[in-house]
1. Leaving ligands, DNA and RNA out of it, report the carbon-plus-sulfur percent of the accessible area of the stretch 1-122 at a 1.4 Å probe.
2. So which trypsin sites (Lys or Arg not before Pro) in the stretch 1-52 are both in a DSSP loop and have at most 11 other Cβ atoms within 10 Å of their Cβ?
3. At a Förster radius of 22 Å, what calculated FRET efficiency corresponds to the Cβ-Cβ distance of residue 108 and residue 184, to the nearest 0.05?
4. Residue 95 accessible area, nearest 10 Å², 1.4 Å probe?
5. Give me the number: length gained by fully extending residue 15 to residue 167, i.e. 0.36 nm times residue separation minus the C-alpha to C-alpha distance, one decimal in nm.
6. Fully extended, how many nm does the chain gain between residue 69 and residue 27 (0.36 nm per residue separation, minus their Cα-Cα distance)?
7. Can you tell me how the stretch 9-148 classifies by the Cα gyration tensor, rounded, prolate or oblate, using a/c under 1.5 as the rounded cut?
8. If R0 is 35 Å, what FRET efficiency do you get for residue 149 and residue 37 from their C-beta distance, rounded to 0.05?
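The values are calculated or read from the model by the stated rules, or taken from the named source; none is laboratory data. Everything quoted here is computed from the prediction, not taken from an experiment. Neighbour counts run over all protein chains shown; Cβ positions are idealised from the backbone, glycine included. The protein model used for the area step is the full one, side chains on, heavy atoms only, and it has no ligands, DNA or RNA in it. Shrake-Rupley method; radii C 1.70, N 1.55, O 1.52, S 1.80 Å.
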Amino acid sequence: MRATLIGRFLLLAIVWLAALLPLWYWAARWLATPPIWLAGTLMKAFFPWVESFEQVGVQGVLHTLVQVRMQGPRGDVFGELAPEVSYPTYGYGLVLLWAMLLASRTERWWLKGLIGSVLLIPAQAWGICFQWLRDVVLLSGQSGAAYLQYSMWAKNLIAYGYQFGFLMLTPVAPIMLWLLFNKRFVAALWLEAALAESPEQRAHAPTVER
């Protein structure tokens, strides 16, 4: 099947992705601020064991009251848990969205890119929040579990939220936004695929007699 439009789009998307990635890495410390702030604000509002949060470069650091056993110079000691999350882990969808918008020559791509960038912030904050929760609730060991006393269903919910954010929401959200912004282009892709159908398939296609 000839798919010139699809092939051209995929090639341009790869080229734009390669061109935009260095710029995204350079700007990551500023792009990380909104999702880390949103994630930290939500965590502090809903969980009493959260003391504060801060941004260090592209890392979001959550300071908690949860005591965990740590190895010190004179043996094991207890310290407060402060998990870190890297923004690029959940922020790469931003550069993916812009690459697809440019590759498909979307009308008013700059405006849709800005709107999409804002709409991606909650998705990025979701991933940051649930990785923090995973690190605190599921990976803090016996001392952390004794302090928090979360039930098994709550732990399963946190694990599901983390998997959803990491595996589904982060890569799928920019694609869904691109589809929303490019209905005409997607329709053209479907039309090209239909026109490229082989003559044998069209000959054996069911018909309706009149």
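1. Ligands and nucleic acids excluded, carbon and sulfur reach 66 percent.
2. 2
3. Approximately 0.95, to the nearest 0.05.
4. 10 Å²
5. 52.3 nm
6. Contour length minus Cα-Cα distance gives 11.5 nm.
7. prolate
8. Between residue 149 and residue 37 the formula returns 0.75.
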